[in-house]
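Enquirer: Just passing along the structure, written as structure tokens.
Readers should treat all values here as calculations from the given coordinates under stated rules, not as data from a laboratory. Fair warning: this is a prediction, and the values are worked out from it, not measured in the lab. So basically every Cβ, Gly included, is an ideal-geometry build from the backbone, and we count neighbours across all protein chains shown.
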Amino acid sequence: MGKNKLQRYADNVGFENVIEHTEFETGEPPAGKWAQEIFGNDNPIVVELACGKGEYTTNLAELNPDKNYIGIDIKGDRIWKGARRAMEQELENVRFLRCFIDHLDQFFSEGEISEIWITFPDPYLRKSKSKKRLTSPRFLSIYRKVAHADAVVHLKTDSKPLFNFTEEVVEEQGLSIMEHYSDLYAQNPNDEILSIKTYYEKKHLQDGRTIQYIQFRLNN
């Protein structure tokens, strides 16, 4: 492991906007404490799963100061970049949590999350890996344990197979679709939130890929 990565892991421990919980035994999980103890307010809590460098998380937080944002990823060196950016921009409504996504119910209480963003996740194209897709029935059941009854899920992706898979899951579970774009920038190019572009999205667009977006209610 490189020195830079090791230094970033060490930095994360000292960052006030990063919470490290990669194992159940590590410290006291923050479930039920996000609003009053961590953010110090009752604003809605929005999470970005597999947030990477936190670009979408920090941009959302900057545009919506009346909401609290948590970027979640297992890779601490990536979280470091988002945490640094949030501090540099003095974003008080941003935190980062290092944990496994399938352990969400260990770190959030029932009803704590109001929105879930999934931006350009690994599509796990092999059928044998379909349970790892973040919009699979397995993961939706995990989200329901910690989300509001009226919570919504946002998926933004360049993967048509993942987009189609998500459509099928939503239909099979009888969930309500709030927004749906098979070609986001052709159909809704001026939406400030949906036009946030991460480093990788910009590369996808340069390669001529089409961006898809779907927003749906988590519960029917």
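Enquirer: What is the local net charge at residue 139, summed over the other residues whose Cβ is closer than 9 Å to its Cβ (Lys, Arg +1; Asp, Glu -1)?
Expert: +3
Enquirer: Still on this model: Run the helix sum for the chain: -39,500 (n - 2.57) per DSSP H stretch of 4+ residues, divided by residue count, reported at 222 nm to the nearest 500 deg cm²/dmol.
Expert: Per the formula, -9000 deg cm²/dmol.
Enquirer: Let me ask something additional. Using +1 at the Cβ of each Lys and Arg and -1 at the Cβ of each Asp and Glu in segment 3-217, identify which of 136, 195, 39 lies farthest towards the dipole's positive end.
Expert: Projecting each Cα onto the dipole axis, the largest value belongs to 136.
Enquirer: Further, regarding this structure: Anyone know which of 190, 41, 93 comes out most mobile in the 10 Å Cα GNM of the chain?
Expert: 190
Enquirer: Mind telling me which of 189, 30, 123 comes out most flexible in a GNM of the chain, alpha-carbon contacts under 10 Å?
Expert: Comparing 189, 30, 123 in the GNM, the peak value goes to 189.
Enquirer: Now a separate question. Sort 119, 57 so that the residue with the fewest other Cβ atoms within 10 Å of its own Cβ comes first and the one with the most comes last.
Expert: 119, 57
Enquirer: With a 10 Å Cβ neighbour count serving as the proxy for reagent exposure, in which order, fewest first, do 127, 156, 202 appear?
Expert: Sorted ascending by nearby Cβ count, the order is 127, 202, 156.
Enquirer: Of 147, 164, 216, which is farthest along the charge dipole of the chain in the positive direction, counting Lys and Arg as +1 and Asp and Glu as -1 at C-beta?
Expert: 164
Enquirer: With a cut-off of 8 Å between alpha carbons and a minimum separation of six or more residues, what is the relative contact order of the chain in percent? Mind showing how you got there, number by number?
Expert: Details: 399 pairs, mean separation 41.4, N = 220.
Reported relative contact order: 19 percent.
Enquirer: Using Cα pairs closer than 8 Å and at least 6 residues apart in sequence, work out the relative contact order for segment 49-141, in percent.
Expert: 27
Enquirer: Loop only per DSSP, at most 10 neighbouring Cβ atoms within 10 Å: give me the GluC sites (Glu not before Pro) in segment 83-171, ordered by residue number.
Expert: Counting only loop positions with at most 10 other Cβ atoms within 10 Å, the GluC sites (Glu not before Pro) in segment 83-171 are 90.
Enquirer: Let me ask something additional. Can you tell me the Rg and the Dmax, both Å, for the Cα atoms in segment 3-217?
Expert: For segment 3-217, the Cα radius of gyration and maximum Cα-Cα distance read 16.7, 49 Å.
Enquirer: Place a +1 charge on the Cβ of each Lys and Arg in segment 14-102 and a -1 charge on the Cβ of each Asp and Glu, then give the dipole magnitude about the Cα centre in debye, rounded to the nearest 20. Numbers along the way, then the final one.
Expert: On the way: 10 positive and 17 negative charges, 58 e Å.
I would put it at about 280 debye.
Enquirer: Would you please give the FRET efficiency between residue 210 and residue 43, computed as 1/(1 + (r/R0)^6) with r the Cβ-Cβ distance and R0 = 41 Å, to the nearest 0.05?
Expert: 0.75
Enquirer: In the Gaussian network model of the chain, springs joining C-alpha atoms below 10 Å, which of 55, 28, 20 carries the largest mean-square fluctuation?
Expert: 28
Enquirer: Among DSSP beta bridges whose residues both lie in the chain, state the antiparallel percentage, nearest 5.
Expert: Details: 10 of 33 bridges.
If I count the DSSP bridges inside the chain, around 30 percent turn out antiparallel.
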